[in-house]
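Note sheet for the following structure.
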Amino acid sequence: MALGRLYALVFIEHGTRRLHLAGVTVHPTAQWTVRQARNFAMTLGCRMDSLRFLPRDRDAKYADAFDAVFQADDVQILLGPPQAHVILS
């Protein structure tokens, strides 16, 4: 079997330093990230109230539906800076 690339979606609770492995896949898609976000929210249940911010990057895999899962519980989405492109000559 050849080695391949796997993608993991991980949530980290800053206050408790608790790591939540939401899922692992070979082909991440926007639908996959939304499903994992919903599963994570259901797993946390009432503890979602303790979350205030969700920092994330601007990858297209994090669609509006991904953000909506957290915004429904008043979690503020914090976007990272746009990717900087370096041109070497």
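The values are calculated or read from the model by the stated rules, or taken from the named source; none is laboratory data. What you are looking at is a predicted structure, and each value in this text was computed from that prediction instead of being measured. The accessibility values were calculated without ligands, DNA or RNA, using every heavy atom of the protein model including side chains. Shrake-Rupley method; radii C 1.70, N 1.55, O 1.52, S 1.80 Å.
Report, for the range 8-89, the % of DSSP beta bridges that are antiparallel, rounded to 5.
60
Angle between the Cα long axis of helix 30-44 and the longest principal axis of the chain, 0 to 90 degrees, nearest 10?
Between helix and principal axis, roughly 30 degrees.
When ligands, DNA and RNA are left out and all protein chains stay put, how many square angstrom of accessible area per residue does the chain have with a 1.4 Å probe?
Result: 78 Å² of accessible area for each residue.
For the chain, state the semi-axes of the equivalent ellipsoid (square roots of 5 times the eigenvalues of the alpha-carbon gyration tensor), sorted largest first and rounded to whole angstrom.
24, 18, 13
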